[in-house]
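Have a look at the structure below before the remarks.
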Amino acid sequence: MYVKLVNADGVEKAVKLDFKGVNAASTGKWVILTGDASLVHVPNVNKKNDEKITPMEAEIKIENNTAIINLAANSVNVIIVSLI
């Protein structure tokens, strides 16, 4: 299952994900794409051998069919959870 989340605001936000009704694995992968606020409106910000914005990965834990994550300011996030 893929969950896509965008935080277009300049502040971090906590989000609660509820996986009730599906058999989700106890962990998932979290892919985060964010950068410095000064780069938000710069077109084609990444150049060859000078990538200012790159994806980062983290693991999320799902307990009692729920996960709480903090979305970075000005970020695009993808949560990948296996269904069992």
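The values are calculated or read from the model by the stated rules, or taken from the named source; none is laboratory data. Treat the numbers as computed from the prediction; the structure is a model and nothing was measured. All Cβ positions, even for glycine, are placed from backbone atoms using ideal geometry, and neighbour counts span all protein chains on display.
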* Asked: Listed residues Ile84, Ile80; which is among the β-branched types (Val, Ile, Thr) and surrounded by 10 or more Cβ atoms within 10 Å (Cβ to Cβ)?
  -> Ile80
* **Contacts under 6 angstrom Cβ, first residue in segment 54-83 being basic (Lys, Arg), partner in a strand (DSSP E or B) and modelled with pLDDT under 95, 6 or more apart** => none
* State yes or no: is Ala25 modelled with pLDDT of 95 or more, over 12 Å from the mean Cα position of the chain (by Cα) and part of a strand (DSSP E or B)? => yes
* Structure fact -> Picked from segment 28-69 (must be acidic (Asp, Glu) and closer than 21 Å to Ile84 by Cα), the residue nearest to the chain's Cα centre (by Cα) is Glu59
* **From the options Ala58, Ala8, Ala37, residue that is at pLDDT 95 or above and either touching a Lys or Arg at 6+ places or on another chain (Cβ under 8 Å) or on the phi < 0 side of the Ramachandran plot (or both)** => Ala58
* **Some residue of segment 42-49 being surrounded by 11 or more Cβ atoms within 10 Å (Cβ to Cβ), not basic (Lys, Arg) and not in a loop (DSSP other than H, G, I, E, B)** => no
* **segment 1-37, subset in contact with a Leu (Cβ under 8 Å, 6 or more places away or on another chain) and charged (D, E, K, R), residue farthest from Lys61 (Cα to Cα)** => Glu12
